[in-house]
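Derivation of every value follows stated rules applied to the coordinates shown; laboratory data play no part. In this text the structure is predicted, and so the values were computed from the model without any measurement. So basically every Cβ, Gly included, is an ideal-geometry build from the backbone, and we count neighbours across all protein chains shown.
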Amino acid sequence: MSLQSYSAKDLFDFLTNQDDMLVLDVRNEDDFNRFNVEGPFPFDMVNVPYFDFMEEEDASIQKVSREKPVKVVCAKEGSAQYVGEILVKNGFKDVAYLSGGIKTWGNLLAPKRINPSSDSYSLFQFIRPGKASCNYGLLYEGEMIIFDPSRNFEFYETFASSQNAKIVITFETHLQADYISGSKQIANETGADIFAHEGDFKDATFKYSTINDGEIYTIGENGPEIKVLHSPGHTPGSTSYIIDDKYLISGDTVFIQSVGRPDLGGKAKEWSATLFDTITNKVLNLDHGLNVLPGHYMDWSEANDHLVFSEKLEKILDLNEAVYELDSSEKFTEFILDNMRDSPKVYDEIRKVNSGWMDVDMNEADIMDLGKNECAATMSNAVKD
Ligand SMILES: [Fe+2]
């Protein structure tokens with residue numbers, strides 16, 4: 001069979017369907033170790049850099065199993081195609097390369113319906129497997145609100161029209177440091193309004209409407225309520241949203257594993273104390289039956305049986321006892337400082353882009369935006385220990 005191609009969406013389907021396959025990543029070792037394909041179930045993956053295929057073709061081919069269909073991944077597309085051709089020439093039966101390269105995987109969004117179909121509104125989680133992050137869409141009678149959109153405008157546009165809806169508002173949970181927000185582009189292209197908290201966006205160069213703790217918004221005339229909960233700590237303007245008194249879109253404040261790290265702004269002590277205050281006086285006072293919809297996850301083990309990242313607050317408080325049982329601001333700060341690790345350098349630049357202070361073209365944005373988030377205060381094991 002000749003060399004085939006597949007898309008990032010196909011790859012997500014292969015992974016969720018547990019197709020028998022081998023992912024052959026031909027990027028260099030550093031790039032592979034920094035960021036590689038992850039899925040909800042175990043699968044075979046091997047890293048053999050394409051320059052190895054150029055220098056030692058036979059030895060490199062030996063490293064690739066002939067037992068399974070081979071899905072080749074590279075940075076841009078060309079080297080996966082090049083390696084794919086070598087494999088086909090050497091008798092491999094089923095070989096395909098990722099069209100558009102790894103960045104298309106990095107930008108992919110997979111929609112999952114969250115609430116029952118009997119509700120008058122629909123709430124979707126848009127999982128971004130390449131970033132280990134989630135953003136959300138709320139739809140009611142032809143209108144759509146997006147929480148924390150990424151810059152995959154094409155996806156939102158297609159999704160909204162498939163639901164016969166118009167994007168009317170984007171809500172930001174905070175000034176993101178780990179990915180480029182899509183709000184500005186959505187506002188420019190659709191006329192949607194951006195809502196965000198001044199605590200993070202006061203210096204933003206673009207137009208937005210300010211949100212405040214305790215405010216209530218609605219979608220449509222009789223749609224579900226959206227309650228604003230200012231939940232600072234990860235950033236000063238961090239905000240969570242309670243939808244229909246059932247769902248808590250928690251941004252980077254409450255995760256299923258861990259909490260959002262308060263050290264990314266270079267003020268670890270100050271922001272830790274703020275986060276402790278938010279947890280003690282706000283999060284713990286919420287209805288523990290709320291379904292938390294986080295902005296990030298650590299890995300797929302946090303997903304439920306429907307491959308959705310959602311967990312009752314009650315369960316989260318249990319899972320993360322090590323964090324939530326800390327009963328003083330000092331102990332909490334010490335815990336944060338003990339678990340602190342370097343923040344990726346590119347985060348400063350992403351913040352500037354998200355405030356409107358820096359413009360980047362598509363290629364630069366693709367490079368800045370690639371890779372898994374590092375927004376949680378602890379690695380998952382640290383929480384369990
Ligand atoms: Fe964040």
Subject >> DSSP-assigned coil residues among trypsin sites (Lys or Arg not before Pro) in region 320-353, each with at most 12 further Cβ atoms within 10 Å >> reply: Arg341, Lys345
Subject >> Peptide ranges 81-89, 369-377 listed from the most packed, as the mean C-beta count within 10 angstrom indicates >> reply: 369-377, 81-89
Original post:
Considering amide H positions built from the backbone, and no H for Pro or chain starts, which residues 5 or more places from Gln4, or on another chain, come under 5 Å of its amide H?
Top reply: Val95, Ala96, Tyr97
Subject >> Stretch gain in nm, segment Lys202-Arg113, where the contour uses 0.36 nm per residue and the Cα spacing is subtracted >> reply: 28.7 nm
**OP:** Return the whole-Å distance between the Cα centroid of region 155-213 and the Cα centroid of region 51-114.
**Re:** 36
Original post:
Given q = 0.07, 0.14 Å⁻¹, what are the Debye log10 I(q)/I(0) values for the chain, with equal point scatterers placed on the Cα positions and solvent ignored?
Top reply: -0.33, -1.20
Original post:
Counting pairs of Cα atoms in region 4-105, how many percent are more than 20 Å apart?
Top reply: 28
Original post:
Can you list the residues of region 212-252 with backbone N under 14 Å from a point 7 Å past the Cα of Lys166, pointing along Cα to Cβ?
Top reply: 220-221
**OP:** Using R₀ = 56 Å, calculate the FRET efficiency as 1/(1 + (r/R₀)^6) where r is the Cβ-Cβ separation of Asp338 and Glu157; round to 0.05.
**Re:** 0.80
**OP:** Would you mind telling me which residue in Asn212, Asn152, Asn304 has the biggest mean-square fluctuation in a Gaussian network model of the chain, where springs connect alpha carbons within a distance under 10 angstrom?
**Re:** Asn304
Subject >> Cα radius of gyration and Dmax for region 59-165 (Å) >> reply: 19.1, 59
Original post:
Between Met358 and Leu284, what is the spin-label point distance in nm, taking each point 7 Å from the Cα along the Cα→C-beta axis?
Top reply: 3.8
**OP:** Determine the percent antiparallel among the DSSP beta bridges restricted to the chain, to the nearest 5.
**Re:** 55
Original post:
So how much slack lies between Asp30 and Asp213, counting 0.36 nm per residue of separation and subtracting their Cα-Cα distance, in nm?
Top reply: 61.5 nm
Subject >> Net lengthening on full extension, Val46/Gln185 (0.36 nm per residue, minus Cα-Cα) >> reply: 46.4 nm
Original post:
How much FRET efficiency would the formula 1/(1 + (r/R0)^6) give for Asp305 and Lys9, where r is the Cβ-Cβ distance and R0 is 25 Å, rounded to 0.05?
Top reply: 0.70
Original post:
To the nearest 500 deg cm²/dmol, what mean residue ellipticity at 222 nm is calculated for the chain from DSSP H runs of n ≥ 4 alone, each contributing -39,500 (n - 2.57), summed and divided by the residues?
Top reply: -8500 deg cm²/dmol
Original post:
Using 7 Å Cα-to-Cβ label points, what is the Ser2/Thr16 separation (nm, one decimal)?
Top reply: 3.1
